[in-house]
Amino acid sequence: MQVEVLTPYEIYSLLLDKPDPAGLRLAGYVARNYNYDHLQDRRMVNWHISGEALTVWLTRHWSSDELLAKALEIRQSKVKP
């Protein structure tokens with residue numbers, strides 16, 4: 001698994017029907033989970049801006065292994081025995 005480092009400009013260019021950069025969905029999954037647990041003001045604009053900013057931050061500061069491990073941890077916490 002490879003994760004491309006994103007910039008805020010690349011997030012907005014995704015609206016132009018370009019293919020997703022490598023690792024975008026993985027970082028977005030981790031960011032969405034974090035927002036769900038921690039974001040207090042969940043108005044739509046705050047949710048999206050926070051998610052996009054956190055996704056960019058994650059691609060810049062976390063390795064692909066760290067993102068995969070966190071995504072697996074999230075998945076396992078949602079599975080009910």
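Go through the stretch 32-81 residue by residue and tally those that are modelled with pLDDT under 90 and among the β-branched types (Val, Ile, Thr).
Count: 1.
Would you please list the contacts, defined by Cβ atoms under 6 Å and residues six or more apart or on different chains, that run from a residue in the stretch 17-36 that is among the small types (Gly, Ala, Ser) to a residue that is assigned to a loop (DSSP other than H, G, I, E, B) and loosely packed, with under 12 Cβ neighbours inside 10 Å?
Hits for this filter: 22/2.
Conditions first: (1) within 12 Å of the chain's Cα centre (by Cα); (2) charged (D, E, K, R); (3) farther than 21 Å from residue 70 by Cα. Residue 32 passes all but one, so which condition is the exception?
Here residue 32 clears every test but (3).
For the stretch 37-56, give me each residue that is within 22 Å of residue 5 (Cβ to Cβ) and in contact (Cβ under 8 Å) with a residue 12 or more places away in the chain.
Within the stretch 37-56, 50, 51, 52, 53, 54, 55, 56 meet the criteria.
The values are calculated or read from the model by the stated rules, or taken from the named source; none is laboratory data. Note that the structure is predicted; figures quoted are calculated from it, not measured. Cβ atoms come from the backbone with ideal geometry, glycine included; neighbour counts cover every protein chain shown.
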